[in-house]
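Derivation of every value follows stated rules applied to the coordinates shown; laboratory data play no part. Quick caveat, the model's predicted, so the values are computed rather than measured. Every residue, glycine among them, receives a Cβ derived from its backbone with ideal geometry; neighbour counts consider all protein chains shown.
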Amino acid sequence: MNVFHIVGARPNFMKVAPVMDALKTRKHVIQTLIHTGQHYDANMSDVFFEQLRIPAPDVNLAVGSGTHARQTAEIMTRFEPVLLEGKPDIVLVYGDVNSTVATALVCAKLGVRVGHVEAGLRSFDRTMPEEINRLVTDQLADMLFTPSEDGDFNLQKEGIPAERIFRVGNVMIDSLVRLLPEARRQNQNGLPEGSAERHALVTLHRPGNVDDGVILKRILQALLEVSQDLSVIFPAHPRTRKRIADFGLHADQLRIVDPLSYLEFLGMQSRATVVITDSGGIQEETTYLGVPCLTLRDNTERPVTVSLGTNVLVGRDPDKLRSEVSRVLAGKAKKGTIPSLWDGHAGERIAALLAGQTTC
Ligand code: UD1
């Protein structure tokens with residue numbers, strides 16, 4: 001079986017690693033890794049390949065940044081000849097980034113089978129580009145690998161036949177399970193000074209939070225207040241750093257640092273007093289780690305992190321953020337449990353399904 005894997009942006013890398021690993025042990029499987037180049041900075045891409053031990057991409061489409069239309073179109077244009085030449089039996093696409101939907105669309109038009117890893121997640125908020133990417137990709141996919149029951153339910157409601165839906169668990173947690181011991185052993189060299197102390201770990205990059213100067217200023221102000229009680233470490237996405245500069249905002253008391261590597265970030269997450277984020281994957285990682293997570297969004301496509309895990313949606317309300325941080329500091333943080341099948345073996349389940357034999 002000839003399998004193509006598509007990755008493009010940072011959150012794809014921890015998802016492809018366990019699937020490639022699991023397929024490596026299967027006979028008669030040839031794997032081709034295609035990087036669209038959506039993320040290209042060394043600290044957004046290369047370091048993840050090294051630490052997650054992902055083989056170097058066979059093909060790099062080097063599309064770079066652009067508007068949504070331009071980036072999506074560029075990926076499609078550059079991917080089409082690669083697909084025509086490689087003739088894979090199935091193309092696996094991951095998550096919900098522009099690279100996911102762009103390549104799924106090319107496959108569907110050429111009649112090539114698509115498997116969507118992390119299918120079925122819905123925020124029901126179509127102002128998020130990722131929600132559009134999820135909806136379209138799931139309509140096009142032939143095999144839909146879901147991380148949790150809500151995913152199966154959403155897909156069935158959208159008319160996807162049950163026989164295409166496979167609940168396999170959370171592949172991103174596979175990478176976490178494998179590398180957590182190493183991340184915990186990491187010494188502090190190279191990490192922001194004082195990161196072993198009690199800290200709030202912050203990430204922020206959603207266009208809805210960072211592209212509007214008024215909203216971004218309000219969030220930074222709330223974080224500055226948090227920094228009076230515990231140190232705030234904020235590895236900033238390039239988009240966010242640029243916006244802070246563009247809007248002339250200042251947040252000197254926050255430790256704004258460059259994006260961290262996978263192991264550095266995981267180590268810091270596991271030691272954090274609280275994580276404050278608008279990311280999707282971090283809501284899941286904190287749930288697994290049992291670390292309190294305050295999500296700066298009104299909705300989540302990962303509802304099990306709220307119903308079962310440690311996640312609390314605080315929206316963009318500074319008062320709610322402050323009161324939830326106080327709860328955490330008072331030792332009253334929400335306790336959670338780990339959703340089923342978030343056990344480090346999701347990649348193996350996908351490999352087994354692809355090989356036509358299920359271990360689910
Ligand atoms: C993308 C995903 C988002 C994911 C995020 C994780 C989409 C629609 N969004 O958002 O779901 O949570 O990745 O990081 O696919 N840039 C750099 N260097 C890079 C990459 C980007 O400087 O290596 C800057 C550029 O200014 C670029 C901006 O970041 O214009 C946004 O990059 P883009 O890939 O369009 O979306 P992300 O915000 O990274």
Could you give the nm distance between label points at Ile338 and Asp142, where each point is 7 Å from its Cα heading toward the beta carbon? 3.4 nm
Can you list the residues, at least 5 places off or on another chain, whose amide H is less than 5 Å from the amide H of His237, using H built in the peptide plane? Leu204
Whose amide H sits under 5 Å from the amide H of Ile276, counting only residues 5 or more places off or on another chain, with H placed in the peptide plane? Leu201, Val202, Thr203, Leu294
Which loop trypsin sites (Lys or Arg not before Pro) in the stretch 1-61, with loop taken from DSSP, have no more than 12 other Cβ atoms within 10 angstrom of their Cβ? Lys27, Arg53
I need the semi-axes of the equivalent ellipsoid of the stretch 233-321: take the C-alpha gyration tensor, multiply each eigenvalue by 5, square-root it, list largest first in whole angstrom. 23, 17, 11
Rounded to whole Å, sorted largest first: equivalent-ellipsoid semi-axes of the stretch 190-295, Cα gyration tensor: 21, 15, 13
Count of lysine pairs in the chain with Cα separation under 20 Å (8 or more residues apart, or interchain): 9
Between His237, Met268, Gly248, whose Cα lies farthest towards the positive end of the dipole of the stretch 233-287 when Lys and Arg beta carbons carry +1 and Asp and Glu beta carbons carry -1, centred on the Cα centre? Gly248
Result row for the chain, helices from DSSP H with C-alpha axial extent 18 Å or more and mean Kyte hydropathy at least -1.0, is 10-24, 68-86, 98-110, 171-185, 213-226
5 Å-binned pair-distance histogram of the stretch 1-134 (Cα, whole percent): 2, 11, 22, 25, 21, 14, 5, 1, 0
With only Lys, Arg, Asp and Glu charged, each at its Cβ (+1 for the first two, -1 for the last two), find how big the charge dipole of the chain is about the Cα centre; round to the nearest 20 debye. 300 debye
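Using Cα-Cα distances under 8 Å and only pairs 6 or more residues apart, what relative contact order does the chain have, in percent? All intermediate terms of the calculation are to be shown ahead of the outcome.
Numbers: 694 pairs, mean separation 59.1, N = 360.
Once normalised by length, the contact order is 16 percent.
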Rounded to the nearest 5, the percent of antiparallel DSSP beta bridges in the stretch 176-310 equals 0 percent
Put +1 on the Cβ of each Lys and Arg and -1 on the Cβ of each Asp and Glu in the chain; which of Ile34, Ile132, Leu216 then has its Cα farthest toward the positive end of the dipole? Leu216
Cα-projected label distance for Thr77 with Arg239, points at 7 Å along beta-carbon direction, nm: 2.2 nm
Of Val328, Thr146, Tyr94, which is farthest on the positive side of the dipole of the chain, counting Cα position, with +1 on Lys and Arg Cβ, -1 on Asp and Glu Cβ, and the Cα centre as origin? Val328
Convex hull around the C-alpha positions of the chain: the volume in Å³ per residue is 125 Å³
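Loop-only trypsin sites (Lys or Arg not before Pro) in the stretch 86-151, please: DSSP not H, G, I, E or B, and at most 10 other Cβ atoms within 10 Å.
Arg126
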Added length on full extension, which subtracts the Cα-Cα distance from 0.36 nm per residue, Lys157 to Asp89: 21.7 nm
